[in-house]
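Inspection log for the structure reproduced underneath, given as structure tokens.
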Protein chains: 2
Amino acid sequence: MPKLGMEPIRRDALVKAAIAEIGEAGSLDVTVSQIARRAGMSSALAHHYFGSKEQMLVATMRHILTLFGAEVRGALAMARSPEERIEAIVRASFSSQNFRAATAASWLHFYLQAQTSDQTRRLLRLYHRRLRSNLMVGFTPLVADPARASETIGALIDGVYLRQVLRPEAMSNEEAVALVLADVQRLIREG
Amino acid sequence: MPKLGMEPIRRDALVKAAIAEIGEAGSLDVTVSQIARRAGMSSALAHHYFGSKEQMLVATMRHILTLFGAEVRGALAMARSPEERIEAIVRASFSSQNFRAATAASWLHFYLQAQTSDQTRRLLRLYHRRLRSNLMVGFTPLVADPARASETIGALIDGVYLRQVLRPEAMSNEEAVALVLADVQRLIREG
DNA sequence: AGGGTTATTGATTGACGAGTCAATAAAGAA
DNA sequence: TTCTTTATTGACTCGTCAATCAATAACCCT
């Protein structure tokens, strides 16, 4: 029962199914057929809209990055001080449905994918640069070496994230945020 | 020209070739044939000695973990104070040839593999527990919440490691060590 | 109604890769 | 020497999966 204007709907469904499938399988070995089935269509249709598996995964990562970017921007808009700016970024990094099991696994997947795919690498660098730049703005009025502080907190966020992918039960979202924020506070107190 | 007692030699060659191959490809998609060819034998022989690809990769991870464990033990033997214990662990985490490009990529690979392979997961948990326990011993006389401190430094190590896999040029080994140790110092000063 | 476009899929192709096997050869044991 | 064990490989099987294609159907416009 073909209706017109299906393209955006299908693409969206596929991207979301890809995240869910990667998260559930906890693995990189997700096939186009699995994703397509979960999205309620044939694999042929997936290829029809994305051309290739890689393009589909790139679109998936772009989607994750877009959501994350929106969340950061939203939180930053509320921030009234440098401290609050940093806190906003940390909270966004661990926030909401989006940043749980499925998304986290996908995220990690793309970290690896970035070693072989140019497009993925470019996307990831972009995210890194933005994160770093946002942290820097917050840290600059507060510490002597904002670059160093941003690097530390950025790495700490990645590390906590990585551990959450492996052992989701070991630490809750709030605990993760608290852990990172405590380190932020130490950095600030040190000046 | 079959000589006897080839088994340990072949196994060793395969394990080392696997690390090199994963590191060079920067990817999980390493075939048994590629690894075997690099190790100077046929893929059939690799199967003969390891039974399956998974067993071969488990042996590879075990090898990496063994090397790391030895390095940590060596450094700990020299430590004369709690501070030095912690420093020893951090230095070992980023030390030497072993912990560069190829090994780091393999390491990250196993993090993912752990989500699907029971054996790999067990190995990784063992490593985590030991690392945590070692850090705890160092932190206990120095800070109020040693568990929290160990968790923070453990995550920071993983995060810095992850970033080095992605952008090896961004930070040198020594810089990585310095970054982590600075955070250790902050934790200690805080008490 | 009929031509063009979009949506959709089952079936197929083509590649690649893990694991198996039968065959060859050398070393040691009897 | 002959038998057994170990080493070794090329060729093969079997499965899987990305990608393609041909066919079908609904929608829109004229």
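The values are calculated or read from the model by the stated rules, or taken from the named source; none is laboratory data. These numbers were taken from a predicted model, which means no experiment stands behind them. We place every Cβ from the backbone using ideal geometry, glycine too, and count neighbours over all the protein chains shown. SASA here: full protein model, heavy atoms, side chains in, ligands and nucleic acids out. Shrake-Rupley method; radii C 1.70, N 1.55, O 1.52, S 1.80 Å.
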Looking at the stretch A:27-50, is at least one residue part of a helix (DSSP H, G or I), aliphatic (A, V, I, L, M) and at pLDDT below 95?
-> no
Return the pairs, sorted by first residue and then second, in which the second residue is surrounded by fewer than 16 Cβ atoms within 10 Å (Cβ to Cβ) and among the hydrophobic types (A, V, I, L, M, F, W, C), the first residue lies in the stretch B:171-191 and is more than 9 Å from chain A (Cβ to nearest Cβ), the beta carbons are less than 8 Å apart, and the residues are 6+ apart or on different chains.
-> B:GLY191/B:ALA144
In the stretch B:1-26, which residues are modelled with pLDDT of 95 or more, of a type outside the set (A, V, I, L, M, F, W, C) and over 30 Å from A:VAL30 (Cα atoms)?
-> B:GLU7, B:PRO8, B:ARG10, B:ARG11, B:ASP12
For residues in the stretch A:121-138 being open to solvent by 60 Å² or more (accessible area, probe 1.4 Å) and within 12 Å of another protein chain (Cβ to nearest Cβ), which is farthest from A:ILE22 (Cα to Cα)?
-> A:ARG132
Kindly provide the set of residues from the stretch A:97-155 that are over 21 Å from A:VAL15 (Cα atoms) and of a type in the set (Val, Ile, Thr), ordered by number.
-> A:VAL137, A:THR140, A:VAL143, A:THR152, A:ILE153
Given (1) under 30 Å from B:SER117 (Cα atoms); (2) surrounded by fewer than 19 Cβ atoms within 10 Å (Cβ to Cβ); (3) not acidic (Asp, Glu), number of the condition A:GLY74 does not satisfy = (1)
Restricting attention to the stretch B:39-56, and to residues there that are more than 14 Å from chain A (Cβ to nearest Cβ) and more than 13 Å from DNA strand D (Cβ to nearest atom), which single residue is nearest to B:ARG121 (Cα to Cα)?
-> B:GLN55
Filtered residues of the stretch B:156-170 (kept if at the interface with chain A (Cβ under 9 Å from one of its Cβ atoms) and of a type in the set (Asp, Glu)) = B:ASP158
Residues of the stretch B:180-191 being acidic (Asp, Glu) and either modelled with pLDDT under 95 or surrounded by fewer than 20 Cβ atoms within 10 Å (Cβ to Cβ) (or both), in sequence order, are B:GLU190
Looking at the stretch A:153-170, which of its residues are in contact (Cβ under 8 Å) with a residue 12 or more places away in the chain, under 24 Å from A:ASN134 (Cα atoms) and of a type outside the set (Phe, Trp, Tyr)?
-> A:ILE153, A:GLY154, A:LEU156, A:ILE157, A:VAL160, A:LEU162, A:GLN164
Going through the stretch B:107-120 in order, the residues found to be open to solvent by 50 Å² or more (accessible area, probe 1.4 Å) and either among the hydroxyl-bearing types (Ser, Thr, Tyr) or more than 8 Å from every other protein chain (Cβ to nearest Cβ) (or both) are B:THR116, B:ASP118, B:GLN119
Exception for A:ALA36 within (1) surrounded by 21 or more Cβ atoms within 10 Å (Cβ to Cβ); (2) within 19 Å of the chain's Cα centre (by Cα) falls at (2)
Give the stretch A:39-52 a look and list any residue that's of a type in the set (Phe, Trp, Tyr), free of Cβ contacts under 8 Å to residues at least 40 places away in the same chain and within 8 Å of DNA strand C (Cβ to nearest atom), or say none.
-> none
Selection from the stretch A:140-152 of residues within 8 Å of chain B (Cβ to nearest Cβ) and either open to solvent by less than 10 Å² (accessible area, probe 1.4 Å) or free of Cβ contacts under 8 Å to residues at least 12 places away in the same chain (or both) yields A:ARG148, A:THR152
Can you name every residue in the stretch A:18-38 that is away from DNA strand C (no atom under 13 Å from the Cβ) and in contact with a helix residue (DSSP H, G or I) (Cβ under 6 Å, 6 or more places away or on another chain)?
-> A:ALA18, A:ILE19, A:ALA20, A:GLU21, A:ILE22, A:GLY23, A:GLY26, A:LEU28, A:VAL30, A:GLN34
In the set A:VAL177, A:VAL165, A:VAL160, the lone residue that is hydrophobic (A, V, I, L, M, F, W, C), surrounded by fewer than 21 Cβ atoms within 10 Å (Cβ to Cβ) and part of a helix (DSSP H, G or I) is A:VAL177
Please specify each residue of the stretch A:86-106 satisfying the condition of being part of a helix (DSSP H, G or I), open to solvent by 20 Å² or more (accessible area, probe 1.4 Å) and not aliphatic (A, V, I, L, M).
-> A:GLU87, A:ARG91
